[in-house]
Amino acid sequence: MVSSTRSIVDNTNSSRDQPLKTRPVAAVVILILGLAAVVFGLALSVSVGAADIRLATVWEAVFRFNPELQQHQIIRELRIPRALAGALVGACFAVAGAIMQGMTRNPLADSGLLGLNAGASAGLALAFAFAPSASFLYIMLYCFIGAAAAAILVFGIGSLSHSGLTPLRLTLAGAAVSAMLLAVSQGIAILFHLSQDIAFWMAGGIGGTNWTQLRILFPWIAAALIGSLLISRSITLLSLGRDVAAGLGQRTGLVQTAGIIIVVILAGSAVSTVGPIAFVGLIIPHITRYLVGVDYRWIIPCSAVLGSLLIVFADIAARMINAPYETPLGALIAVIGVPFFIYLASRRKGELS
């Protein structure tokens, strides 16, 4: 079955776009080197900050922790949770974008561009307004609900036309719903005097992440990532077209429902931690697809690794650009993402209609 799926993918794309072939060797290399780079990035992230700490001290704090040393306390309680959160959030955004692009066949699909991040933001604003002393789990559930509501709105509005849901309509619906939900978030912030808290969180950043948040986040994120791997073959077939997938025996409705649930969990978890950072889920899947081909059994794990790599090193750069102050992580990613989005939209405008 694995070989037949790969042959279907290769045969479908060989006549259309020669570079789009499955490259398992390249994928394995990316996974090995990428994971090594993530580990190095985590160590570097822990050592960089307002007080620079030697990598040797980081090693000692991890394996020979001394609670009496202030640097060990900083490493264990502040910097390690921050670094791990960056890796998890990067994987969430990247995999969510890969799944959405595969399911919708929309090259511009991304949890930020299609309104899920804005929905999670609205959910978080409601949590801040009506339950200011709520636990992080409660806030995260609000983000899940907001992201799910945004997904229903976007896909519902995009499907209103008689000709059905096209990539262009999906993108326009996502832009409209995002604008509306961000306005709702800002209105709630003004009405309940939360402007400063919401503005700080909307800028994006993982500086306040702690071990309690990570313990709550990890099971959700791990389950969603495992689920994404389980449906990766079905996403590959859906990326060839819904009719093709149905003709090959796929239960397309069930696969799309599972994919949307996974994306909502990934987007809600990431936004509740770092804020509504866009473009990670747009950039990384395209780079991954260019490197490893069209098989989502490779695209999804490689996207997770490259997404983690991007956020970890972007967070390091955010601390170094204007030290000792931090540059908002969302703004830094946008500097990369906006030109990429413009390039992609102009290059693939024929695929959106």
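The values are calculated or read from the model by the stated rules, or taken from the named source; none is laboratory data. Fair warning: this is a prediction, and the values are worked out from it, not measured in the lab. Using ideal geometry, Cβ is built from the backbone for each residue, glycine included, and neighbour counts are taken over all protein chains shown. Areas reflect the complete protein model, heavy atoms only, side chains present, ligands, DNA and RNA absent. Shrake-Rupley method; radii C 1.70, N 1.55, O 1.52, S 1.80 Å.
From the list ARG215, ARG169, the one residue that fits, being surrounded by 19 or more Cβ atoms within 10 Å (Cβ to Cβ) and out of contact with any Lys or Arg (no Cβ under 6 Å at 6 or more places or on another chain), is ARG169.
Condition first: under 28 Å from THR252 (Cα atoms), surrounded by 23 or more Cβ atoms within 10 Å (Cβ to Cβ) and over 18 Å from the mean Cα position of the chain (by Cα). Can you find one or more residues in the stretch 182-189 that meet it? No, the stretch 182-189 contains no residue that is under 28 Å from THR252 (Cα atoms), surrounded by 23 or more Cβ atoms within 10 Å (Cβ to Cβ) and over 18 Å from the mean Cα position of the chain (by Cα).
For the condition open to solvent by 10 Å² or more (accessible area, probe 1.4 Å) and polar (S, T, N, Q), what is the one hit in SER111, SER133, SER121? Going through SER111, SER133, SER121 in turn, the sole match is SER133.
Scanning the stretch 205-234 for residues that are of a type in the set (Val, Ile, Thr), part of a helix (DSSP H, G or I) and within 18 Å of the chain's Cα centre (by Cα) returns ILE216, ILE221, ILE226. Being surrounded by 12 or more Cβ atoms within 10 Å (Cβ to Cβ) and under 24 Å from the mean Cα position of the chain (by Cα) is true of PHE40.
Looking only at residues of the stretch 190-204 that are at negative phi and assigned to a loop (DSSP other than H, G, I, E, B), we find that the one that is most open to solvent (accessible area, probe 1.4 Å) is PHE192. Within the stretch 110-122, the set of residues being within 16 Å of the chain's Cα centre (by Cα) and either over 30 Å from ARG242 (Cα atoms) or assigned to a helix (DSSP H, G or I) (or both) comprises LEU116, ASN117, ALA118, GLY119, ALA120, SER121.
Conditions tested, residue by residue: (1) modelled with pLDDT of 85 or more; (2) under 13 Å from VAL271 (Cα atoms); (3) part of a helix (DSSP H, G or I).
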| residue | (1), (2), (3) |
| --- | --- |
| LEU108 | no, no, no |
| LEU124 | yes, yes, yes |
| SER133 | no, no, no |
| GLY146 | yes, yes, yes |
| LEU170 | no, no, yes |
| ALA173 | yes, no, yes |
| GLN186 | yes, no, yes |
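Taking into account only those residues within the stretch 69-106 that are farther than 30 Å from LEU237 by Cα, part of a helix (DSSP H, G or I) and of a type in the set (A, V, I, L, M, F, W, C), which is most open to solvent (accessible area, probe 1.4 Å)? By that ranking, first place goes to LEU78. Does LEU182 satisfy the condition of being under 27 Å from LEU332 (Cα atoms) and either in contact with a strand residue (DSSP E or B) (Cβ under 6 Å, 6 or more places away or on another chain) or among the aliphatic types (A, V, I, L, M) (or both)? Judged against the criteria, LEU182 is a match. Of the candidates ALA345, ALA304, the single residue that is open to solvent by less than 40 Å² (accessible area, probe 1.4 Å) and more than 25 Å from ALA43 (Cα to Cα) is ALA345.
Can you tell me how many residues in the stretch 240-257 are open to solvent by 40 Å² or more (accessible area, probe 1.4 Å) and of a type outside the set (A, V, I, L, M, F, W, C)? Total satisfying the criteria: 7.
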